[in-house]
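Notes follow once the structure below has been shown.
The values are calculated or read from the model by the stated rules, or taken from the named source; none is laboratory data. Keep in mind it's a predicted model, so treat the numbers as computed, not measured. Neighbour counts are summed over all protein chains in view; Cβ atoms, including those assigned to glycine, are modelled from backbone coordinates with ideal geometry.
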Amino acid sequence: MAKPNHNAPADHWFLKAPRLNRTFLYSFLVIWGILGLCFVLVGSNDFMLAVQYPRAELLDGLMLIWTQLGEAHSAILLFFALYLIYRKQDQWKTVRNAFILSVLLAAIVPQGLKWIFADCPRPWALFPDVKEIPGLTKSNYKSFPSGHTAFATALAALWASLAPNKFQYPILLAVLAFGVGYSRIHLHMHWLHDVLAGGLVGLICTYFGLRHAEFTQTS
């Protein structure tokens, strides 16, 4: 269970900070490192083509569901679950503040970046001939970064760090965050570099949210 660490030094280098669940952090960095290698070796365009043109239509419905893990209702469910766990404990105020601040950052920062890079086209704008996906609301611009991936990564990192040890499942959560990023590529909504950036933005937002709330993770 999360406990305050009063002996922790005030300044922490990012990877040494005890606030983020380390198993989640390392799992995330391994997955994102592999994605980064794919970006260097293949590039976003060819990666998108490799996903789209042999795309299994049976996965479309699954990807539409998976991508919703990066939306607001997921945050509401996780917040309610944390409330049920911590409502009678002294840690609740710290957990609440860390969660709210991290979620707000993970929602606002990607949207600010999208405004800055508003002219970045989505795959649908450059490759409109891809077969339609029923139930998908398409968009052509504001591609960078992937807001869904940022939000899902933030929620995954938060749960892995804030939940009691027996409920954390950090490796599974890192995989789920990756799945949201992959779903954005499968759904032709984002490029690989959008997903890479979105995941990093979400992780950094969570780090600063936990740090500002003075939450420490000693496990």
| Here are some conditions: (1) at positive phi; (2) assigned to a helix (DSSP H, G or I). LEU104 meets all but one. Which one does it not meet? | (1)
| message | Every residue in the range 88-99 that is assigned to a helix (DSSP H, G or I) and touching a residue at least 12 places away in the same chain (Cβ under 8 Å), please. | response | THR94, VAL95, ARG96, ASN97, ALA98, PHE99
| request: Would you please list the contacts, defined by Cβ atoms under 9 Å and residues six or more apart or on different chains, that run from a residue in the range 60-73 that is in a helix (DSSP H, G or I) to a residue that is aromatic (Phe, Trp, Tyr)? | output: MET63/TYR182; TRP66/TYR182; LEU69/PHE151; GLY70/PHE151; ALA72/PHE151
| query | What residue, among those in the range 46-73 that are of a type in the set (Gly, Ala, Ser) and surrounded by fewer than 18 Cβ atoms within 10 Å (Cβ to Cβ), is nearest to the chain's Cα centre (by Cα)? | reply | ALA72
| query | Which of (1) closer than 14 Å to PRO123 by Cα; (2) surrounded by 15 or more Cβ atoms within 10 Å (Cβ to Cβ) does CYS38 not meet, given it meets every other one? | reply | (1)
| message | Cβ-Cβ under 8 Å, sequence separation 6+ or interchain: first residue in the range 15-33 and of a type in the set (Lys, Arg) and in a helix (DSSP H, G or I), partner surrounded by 16 or more Cβ atoms within 10 Å (Cβ to Cβ) and modelled with pLDDT of 80 or more. Which pairs? | response | none
| Of the residues that make up the range 75-87, is at least one loosely packed, with under 14 Cβ neighbours inside 10 Å and in a loop (DSSP other than H, G, I, E, B)? | yes
